Amino acid sequence: MASKDAFGDIAPSSKAPVDEEQDQISKIKATDRVIQGAKAATEKEQSMTLAQAVRLYPKAIAWSVLISACIIMEGYDVCLINNFYAFPQFNRKYGEQLPNGEWEVPAPWQAGLSNGANVGELIGLLINGWVSERFGYRWTVIVCLMLINAWTALFFTAQNVQTLLAAEILCGIPWGVFQTLTITYASEVCPVALRGYLTCWINSCWGIGQLIGIGVIMSMLNRQDEWAYRIPYALQWMWPTPLAIGIFFAPESPWWLVRKGKLSEAKAALLRLTSLNRETDFDADETVDMMVHTTALEEKTTSGASYWDCFKGHDLRRTEIVCMVWAIQNLSGNSFSNYSTYFLTQAGLDSQDAYGFALGQYAMNMVGVFGAFYLMHKGIGRRSLYLYGLCGLCLMLLILGFLGLVPEAHRREGSIATGSIMLGWALTYQLTVGTVCYSLVSEISTRRLQIKTVALGRVLYIIVGIICSVLTPYMLNPGAWDWSNFAGFFWGGICALCIVYTYFRVPEPTGRSFAELDMLFDKGVSARKFATTRVDVFEEDIDGDFMSKYHRQTQAVENVDAPRGQ
């Protein structure tokens, strides 16, 4: 008889006699089969065109887009609170009356509400590092969606600002999970040719959610009752349940299944992610072999699979790069660019028109993502897009600084020019840094530590974002530092430092298999030489605990099946 073990479907009976020499020969043959299958799958993936990948993996694209829709929901939710401070009805309900008779949410509570979600997201990011790896991606997302359903009731029924803060923190926990898990799933269900597009699409989901949020808010501007803010909160319920139902039927990540030793389930998931396409000569067994080979190789080159292991050996370099790639999104002037409506209002635009410009800016986010798709399709690498994008952003920030020299007599023209350049900055950002970041962080991190590495990077992103969101109002507020346009010089200088870091530290992952990236990092190859350095991952020794368990599983399956064929 055979029994279950933690690695896979079947393990050999402890009573079965074992011939050590025969077992060693069998193990070598099994390893050779894995290497040959992995090599064939890798060659097929790397020679696959985008059109072929789309025809072979249409289901993977659809499932990835579905799970990425969790970010659309988050983009919508996060968009609400910062725009409610301009609602008189919201302020009357949750604010305090000022000496002049107006109602307003006190500044400390504004800061608390705005950063409450960030606090929750930090918790969710760190929790996700071990929850999703233990229970799988699908069930982690489904449970988080149900939590969103519950916490939305707090938003809808909140009678005071304290309840709102609790809702922001509690909702932030599942939002933090979505931020990393969607990236990981997208990178693991598709081949090399699609990896950059599906991971970058997640940035577009932010734009779609914010676009819907601004549209809903604009439709509520003329309402004078409490439903002006209750309806937008209630609309949050339109997302979780349909998404949870769809994700329940989604296949699990085959990479996660392989790491758990569930090889037959990994093959079944691959077949659910692909369609019959003889053009690419796809073989699910070979692709599983590639995943087994990469997992075994990472076991040899990676210390372990805990958070602490992210800071050991060459994984420290990968963690550092992922963290900085995330942080540079904020350090390149993102918080400053969000004040385009502030400068346009200074130029004399009313709040309705300012919201219209914000709507246009969010729409440009989506246009930028598709523009990034086009540039990647033309063969421009992710490192190149990120680096050249930072150069463009730095130049525009310096121009914004020089616009501060415009005489007071031409203040209106200067403000319009400032707002316009900020919109141009936003488009350039979405074409490059804002979009490509999602692909870079998913490819630079190792499979075993990806969830944890991306989570740590996102934690740094949030921390830097909080610091920037505190500094920027002081820079622009006439009652504080009153830097106005001269803040462009500050952010331009920081952006210049980001360019230097990117040039020397961020590698080019385009077209590389996960195993090749592992070897390039393991050998300490310079970031500038990643694109040209040749490595043969199939010459590396992959013997270890993972391959031993794999061998025991396949041997047990053969022993069970053998009598049937006799």
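Structure above, values below:
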{"item": "Largest-first ellipsoid semi-axes for the stretch 462-513, taking √(5λ) over the Cα gyration tensor eigenvalues, angstrom", "result": "32, 13, 7"}
{"item": "Mean accessible surface per residue for the chain, computed with a 1.4 Å probe while every protein chain stays in place, in Å²", "result": "41"}
{"item": "Stokes-Einstein D (µm²/s) once Rh is taken as the Kirkwood radius of the stretch 469-544 over alpha-carbon pairs, at 25 °C in 0.890 mPa s", "result": "154"}
{"item": "Fraction of alpha-carbon pairs over 16 Å apart in the stretch 356-398 - percent", "result": "51"}
{"item": "Fully extended contour minus Cα-Cα distance, from Leu50 to Ala496, at 0.36 nm per residue", "result": "157.1 nm"}
{"item": "Cα-based convex hull, the stretch 408-468, per residue volume (Å³, whole number)", "result": "79"}
{"item": "All-pairs Cα distance distribution in the stretch 50-130, expressed in whole percent, bin size 10 Å", "result": "14, 29, 23, 18, 10, 5, 1"}
{"item": "Estimated FRET transfer efficiency when R0 is 56 angstrom, pair Ala480-Gln36 (beta carbons, to 0.05)", "result": "0.25"}
{"item": "Extension gain, Glu279 back to Met146 (0.36 nm per residue minus Cα-Cα distance, nm)", "result": "43.7 nm"}
{"item": "Trp130 paired with Leu66, simple spin-label distance in nm, labels 7 Å along Cα-to-beta-carbon", "result": "3.1"}
{"item": "Calculated FRET efficiency for the pair Ile467/Gln22, C-beta based, R₀ 60 Å, to 0.05", "result": "0.45"}
{"item": "Residues with amide H under 5 Å from that of Ser513, placed H, sequence gap 5 or more", "result": "none"}
{"item": "Rounded FRET efficiency, nearest 0.05, which uses the C-beta distance separating Leu316 from Ala153 and R0 of 45 Å", "result": "0.55"}
{"item": "Cα-only Debye scattering, the stretch 79-219: base-10 log of I(q)/I(0) at q = 0.10, 0.17 Å⁻¹", "result": "-0.43, -1.02"}
{"item": "Trp103 long-range amide H proximity, modeled H, under 5 Å", "result": "Leu98"}
{"item": "Overall dimensions of the stretch 32-72 by Cα: Rg and Dmax, Å", "result": "14.2, 45"}
{"item": "Estimated vicinal HN-Hα couplings, Hz - the stretch 167-182 in sequence order (Karplus 6.51, -1.76, 1.60; Gly, Pro = x)", "result": "5, 4, 5, 5, 5, x, 5, x, 4, x, 4, 4, 4, 9, 5, 4"}
{"item": "For the stretch 198-298, projected area of the alpha-carbon convex hull averaged over all directions, nm²", "result": "9.7"}
{"item": "Ranked packing of 423-430, 189-196, 495-502, 526-533, most packed first, by mean Cβ within 10 Å", "result": "189-196, 423-430, 495-502, 526-533"}
{"item": "Unit Cα scatterers, Debye sum, the chain: log10 I(q)/I(0) for q = 0.06, 0.08 Å⁻¹", "result": "-0.34, -0.58"}
{"item": "The stretch 431-566: Rg to Rh, with Rh as the Kirkwood radius over Cα pairs", "result": "1.22"}
{"item": "Residue-by-residue Karplus 3J(HN,Hα) for the stretch 109-119, coefficients 6.51, -1.76, 1.60, Hz, glycine and proline x", "result": "6, 4, 5, x, 5, 5, 9, x, 5, 4, 4"}
{"item": "Table column - 3J(HN,Hα) (Hz), the stretch 461-469, Karplus curve with 6.51, -1.76, 1.60, x for Gly and Pro", "result": "4, 5, 4, 5, x, 5, 4, 5, 5"}
{"item": "Carbon and sulfur %, accessible surface of the chain computed with the full protein complex present, 1.4 Å", "result": "61"}
{"item": "Geometric extent, Cα atoms of the stretch 230-347 - Rg, Dmax (angstrom)", "result": "22.1, 64"}
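The values are calculated or read from the model by the stated rules, or taken from the named source; none is laboratory data. Since the structure is predicted, the reported quantities are computational estimates derived from the model, not experimental observations. With ideal geometry, Cβ positions are generated from the backbone for all residues, glycine too; neighbour counts draw on all protein chains shown. Heads up: the accessible areas ignore ligands, DNA and RNA and are worked out on the full protein's heavy atoms, side chains in. Shrake-Rupley method; radii C 1.70, N 1.55, O 1.52, S 1.80 Å.
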